[in-house]
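Asker: Before I ask anything, let me first share the structure, which is written out below as structure tokens.
No lab work stands behind these numbers, since they all come straight from the coordinates. Being a predicted model, the structure only gives us computed values, none of them experimental. Every residue, glycine among them, receives a Cβ derived from its backbone with ideal geometry; neighbour counts consider all protein chains shown.
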Amino acid sequence: MGKRSPLAPAGLPDLPVISGVRFATVAAGVRYSGRTDVMLAVCAPGTTIAGVFTRSATRAAPVLDCQAKLGKPLADGAAILVNSGNANAFTGRNGQEAVDKIVNATASITGVPAAAVFTASTGVIGEPLPFDRITEKLSELSAHLSPSGMADAAAAIMTTDTYAKAATATCTMGGKTVQIAGIAKGSGMIAPDMATMLVYIFTDAQVDQDALQAMTTRATDTTFNCITVDSDTSTSDSLLVAATGTSGADASSDVGFEKCLRDVMLDLAHQVVRDGEGATKFVEIEVTGALSDADAKTHGLSIANSPLVKTAIAGEDPNWGRVVMAIGKSGAAADRDTLSIWFGDVHVAENGWVSPNYSEAEAAKHMKSDHIRIRVDCGMGDGRATVWTCDLTHGYIDINADYRS
């Protein structure tokens, strides 16, 4: 972990205790000695779990295992075990064997059925996971399970992250208070293709599994699926939402709860971008006037993933020609002569040409901010989307050139 990102929040929010879930962490030496690198969460019987996962064709064994388990009854509770330092990805038969060993050992220690034990691994790809270092620590983890351990869990799952990430929200239903809190890890290898990185969200609401899955999928589409750091989709991306039901408040059809869930997810998604490897600028890209929302999102991601756009932002250069280029190459419908572009509040281009009132000095002033806003109106329809990214600096090269060493 490097120097704390200049875009990082002041610190973790005050995380509420989510009734029905307990956490523990430990230093198992998966890759580095003396570093907390394993977290265990155990959820109460009756918990429902929803999830979204990477669509990578080379996804890791833990992802495949979680996908196979999702949607099954969890009458006897559930457990989530995550390690950092090793992704257990591209490890052949050894990968599934490691998952099986960890799952069965976790089930034995916690009393949770193996079919309800969800695992994830993050870190270096292509190296066998030393699962025995994890299983040897399970008794210690089980002995230290605590309802107040979520903050430590957020730190345990980090890899190149420069800070732990957490978010929380509270909502009321039928006079009952419902708590939602989540943690995430992610800094590099971040691109939208389900969700990105690892995310674990917990709530004491009672939510039917099908409803929870639908809410999670919808919220993902406009949060984690709308961020990118480097256009690279991980082999290990996983997001799980666990609803313990202990509050007694049924949120299965509550739009207020779904909004709160999305708020937590969006907060975490923004934190991942703010911790983008080497990032110095948080970038918001809004596209309007496209033929469809899908086209707007395609344009937005083309801009957000362009190395030329991202390096121009790093250099604080209001080079709107690079935005034009990114729109033109996106593959979505565009018309040069109806295009308008803004940097912040500065109208840069309109009707396919530089705006007659364009001020380079004002645009350059906006580019010096640590929160850059780019708005594009395609002038073709009602489609709109917002995506978020960061700049591309030499720090990204430094981190990834030395990642395994």
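Asker: Roughly what would the spin-label model give for T58 and L308, points 7 Å off Cα along C-beta, in nm?
Answerer: 2.8 nm
Asker: Now for a different question. Check the chain for me: any Cys whose beta-carbon has no other cysteine beta-carbon within less than 4.7 Å?
Answerer: Lacking a cysteine Cβ partner under 4.7 Å: C43, C66, C226, C378, C390.
Asker: Quick one: work out the % antiparallel among DSSP beta bridges in the chain, nearest 5.
Answerer: 70 percent
Asker: To one decimal place, what orientation-averaged projected area in nm² is obtained for the convex hull of the Cα set of the chain?
Answerer: Numbers: hull surface 76.6 nm².
The Cα convex hull of the chain, projected and averaged over all directions, gives 19.2 nm².
Asker: Which entries in the list K165/K281; K72/K137; K259/K368 go over 25 Å, if you measure between the two C-alpha atoms of each?
Answerer: Numbers: K165/K281 18 Å; K72/K137 28 Å; K259/K368 33 Å.
From K165/K281; K72/K137; K259/K368, over 25 Å: K72/K137; K259/K368.
Asker: Can you tell me what the convex hull of the Cα atoms of the range 197-266 projects to on average, as an area in nm²? If you can, show how the numbers build up before the last one.
Answerer: Details: hull surface 18.7 nm².
Averaged projected hull area, Cα only: 4.7 nm².
Asker: According to the Cα gyration tensor, what semi-axes, each the square root of 5 times an eigenvalue, does the equivalent ellipsoid of the range 238-381 have, listed from largest to smallest in whole Å? Don't skip to the answer; put the middle values down first.
Answerer: On the way: eigenvalues 230, 73, 36 Å².
So the equivalent ellipsoid measures 34, 19, 13 Å along its semi-axes.
Asker: Hey, got the dipole for the chain? About the Cα centre, +1 on K and R Cβ, -1 on D and E Cβ, debye to the nearest 20?
Answerer: Roughly 640 debye for the chain.
Asker: Continuing with the same structure: Can you give the relative contact order of the range 112-251 as a percent, counting alpha carbon pairs under 8 Å and 6+ residues apart? Each step should come with its number before you reach the end.
Answerer: Working: 218 pairs, mean separation 33.5, N = 140.
Reported relative contact order: 24 percent.
Asker: Pick from A205, A361, A120 the residue whose mean-square fluctuation is largest in a GNM of the chain, springs joining Cα atoms under 10 Å.
Answerer: Ranking A205, A361, A120 by mean-square fluctuation puts A361 first.
Asker: Further, regarding this structure: Rounded to the nearest 500, what is the 222 nm mean residue ellipticity of the chain from helices alone, with -39500 (n - 2.57) per DSSP H run of 4+ residues and division by all residues?
Answerer: After summing the helix terms and dividing by the residues of the chain, the value is -9500 deg cm²/dmol.
Asker: Between D208 and I399, what length in nm is gained on full extension when 0.36 nm per residue of separation is reduced by their alpha carbon distance? All intermediate terms of the calculation are to be shown ahead of the outcome.
Answerer: On the way: separation 191, 0.36 × 191 = 68.76 nm, distance 4.21 nm.
Contour length minus Cα-Cα distance gives 64.5 nm.
Asker: Here's a follow-up. Modelled label-to-label distance, K259 and D345, 7 Å Cα→beta-carbon offset: nm?
Answerer: 2.7 nm
Asker: Next up: Take the Cα atoms of the range 243-301, build their convex hull, and give its volume per residue in Å³. List each step's numbers first, then the result.
Answerer: On the way: hull volume 8.1 nm³, N = 59.
Cα-based convex hull of the range 243-301, divided per residue, equals 137 Å³.
Asker: With a ≥ b ≥ c the root eigenvalues of the C-alpha gyration tensor of the range 1-124, is it rounded (a/c under 1.5), prolate (a/b larger than b/c) or oblate?
Answerer: Details: a/c = 1.57, a/b = 1.14, b/c = 1.38.
It is oblate, given that a/c is not under 1.5 and a/b is not larger than b/c.
Asker: Separate question: Taking a virtual spin label 7 Å from the Cα of E140 along the C-beta vector, which residues in the range 17-34 bring their backbone nitrogen under 12 Å of it?
Answerer: 25-30, 33-34, by backbone N distance to the label point.
Asker: Using Cα springs under 10 Å in a Gaussian network model of the chain, which residue among A219, A211, A181 shows the largest mean-square fluctuation?
Answerer: A211
Asker: If a/c stays under 1.5 just call it rounded; otherwise compare a/b with b/c (prolate if a/b is bigger, oblate if not). Do that for the range 117-244, with a ≥ b ≥ c from the square roots of the Cα gyration tensor eigenvalues.
Answerer: Here the range 117-244 falls in the oblate category.
Asker: Evaluate the relative contact order of the chain (contact order divided by residue number), counting alpha-carbon pairs under 8 angstrom at least 6 apart; express in whole percent. Don't skip to the end; give the middle numbers.
Answerer: Working: 1049 pairs, mean separation 71.8, N = 405.
RCO, the chain: 18 percent.
Asker: Evaluate E = 1/(1 + (r/R0)^6) for R373 and A114, where r is the Cβ-Cβ distance and R0 equals 51 Å; express this FRET efficiency to the nearest 0.05. Don't skip to the answer; put the middle values down first.
Answerer: Working: r = 48 Å, r/R0 = 0.95.
E(calc), rounded to 0.05, equals 0.60.
Asker: Pull up the DSSP beta bridges for the range 1-132 and report the antiparallel fraction as a percent, rounded to 5.
Answerer: Working: 12 of 20 bridges.
Around 60 percent of the beta bridges assigned by DSSP in the range 1-132 are antiparallel ones.
Asker: Which three extents, in angstrom, do the Cα atoms of the range 306-405 have along their principal axes, listed largest first?
Answerer: The Cα atoms of the range 306-405 stretch 50, 32, 19 Å along their principal axes.
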